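Working notes, beginning with the structure itself.
Derivation of every value follows stated rules applied to the coordinates shown; laboratory data play no part. Since the structure is predicted, the reported quantities are computational estimates derived from the model, not experimental observations. Glycine gets a Cβ as well: all are built from the backbone with ideal geometry, and neighbour counts include every protein chain shown.
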Amino acid sequence: MSALTRVGVIAGYEWRRALAKKKVLALVILAIAFQTLLIVGFYEVYRSTPAGTTVFGISNDFMWIYAVLGGLGLFVVQLIAIIVAGGSMSEEYEHGTADILLSKPISRIEYLFGKFLGGFSLLAMVEALITFVGVVLSIGFFGAQSDLQFAPLMFLAIVYSSLIFFCLSFMFSEVFRGTTVAMLLAFAVYIASSVITPILSYLYGTVARATPIWAASSLTGLLMSEVITPLSSNGLPAVDTEALYEAALIIAVYAVVFIIIAALRLLKSDVTKKAD
């Protein structure tokens with residue numbers, strides 16, 4: 001069996017393990033429900049305005065972007081990422097299955113990347129569903145939509161932007177080997193950076209861009225403003241290209257650092273047990 005096959009086996013196992021969590025399914029339903037309420041709310045406002053009037057200055061044929069970003073704008077998508085990754089490594093220690101899995105003919109790095117790829121690919125599937133539902137709802141309520149060829153790009157941006165908190169929670173899961181601790185710490189970082197970022201932005205300007213939440217929340221809007229020209233006059237500000245590249249780089253740096261820390265923790269552990 002090749003290394004790639006072994007990684008794939010672990011990834012498939014991670015899918016089955018994560019899908020067994022009913023709370024992940026509950027959060028997916030919550031994200032879709034929020035999207036639906038968002039579009040229904042916009043539609044009710046649209047129906048009550050004179051013919052030809054846009055909703056909150058948003059062109060009706062670009063409503064799909066706001067429907068898709070609505071699922072991401074609420075913290076539900078990041079929360080799903082934190083939950084999926086938070087138990088990925090730690091639950092194996094808590095249930096005693098890490099010893100069994102690592103006794104198989106598989107290296108620790110293969111095990112780590114199998115767990116990571118399984119969890120992250122599951123998260124990507126959830127985000128694909130949210131993107132699809134957003135597009136369908138927009139067409140159903142507001143008719144034909146413009147520039148739908150960029151929907152796959154929107155999906156990729158959402159997936160990429162969720163790397164930060166997925167990798168952060170994944171790292172905590174391996175470092176502390178406790179599911180509750182990992183999730184709480186990752187969520188605490190999310191909340192803290194959400195509070196601190198506006199303050200730093202007001203006091204120190206671009207210094208706020210170093211916080212995890214800035215890159216995770218800014219990338220999608222910046223990218224869409226870059227590729228869809230009419231957005232600059234339909235509810236989104238003109239794009240800051242430098243900020244777009246900076247957001248992409250910050251996400252990559254955070255993700256790589258978190259995964260390296262998780263890998264070092266796993267490789268240097270002599271005993272596969274929960275941390276004291």
Seminar exercise, completed: Among Thr179, Tyr93, Gly12, the residue whose Cα sits farthest towards the positive end of the charge dipole of the stretch 3-267 (+1 at Cβ of Lys and Arg, -1 at Cβ of Asp and Glu, taken about the Cα centre) is Tyr93
Exercise. Taking Cα atoms, how many degrees apart are the long axis of helix 241-267 and the longest axis of the chain, rounded to 10 and kept between 0 and 90?
Worked result: 20
Exercise. Can you work out ³J(HN,Hα) from phi for every residue in the stretch 24-41, in order, using Karplus 6.51 cos²θ - 1.76 cosθ + 1.60 and θ = phi - 60°, giving whole Hz and x for Gly and Pro?
Worked result: 5, 4, 4, 6, 5, 4, 5, 5, 5, 4, 5, 4, 4, 5, 4, 5, 4, x
Seminar exercise, completed: Given Cβ charges of +1 for Lys and Arg and -1 for Asp and Glu, the option among Ile250, Gly118, Trp214 whose Cα lies farthest towards the positive end of the dipole of the chain is Gly118
For this session: Can you tell me which of 6-14, 158-166 comes out highest on packing, and rank the rest after it, using the mean Cβ neighbours within 10 Å?
Result: 158-166, 6-14
Problem set entry | Among Thr36, Thr197, Thr206, residue whose mean-square fluctuation peaks in a GNM of the chain (springs only between Cα atoms under 10 Å) | Thr206
Exercise. Excluding same-chain residues fewer than 8 positions from Lys268, which lysines have a Cα within less than 27 Å of its Cα?
Worked result: Lys104, Lys115
Exercise. Normalised by the number of residues in the stretch 3-267, what is the relative contact order in percent for Cα pairs under 8 Å and 6+ residues apart?
Worked result: 24
Seminar exercise, completed: With Cα coordinates, the longest principal axis of the chain makes an angle with the long axis of helix 179-204, in degrees rounded to 10, of 40
Problem set entry | Max mean-square fluctuation residue, GNM over the chain, Cα-Cα springs under 10 Å, options Tyr46, Tyr66, Tyr204 | Tyr204
Exercise. Of [x] 53; [y] 50; [z] 62, which is the value of percent of Cα pairs over 24 Å apart derived from the coordinates here?
Worked result: [x]
Seminar exercise, completed: Whole-Hz Karplus couplings 3J(HN,Hα) for the stretch 80-93, θ = phi - 60° and coefficients 6.51, -1.76, 1.60, Gly and Pro as x, run 4, 4, 5, 5, 4, 7, x, x, 4, 8, 5, 5, 5, 6
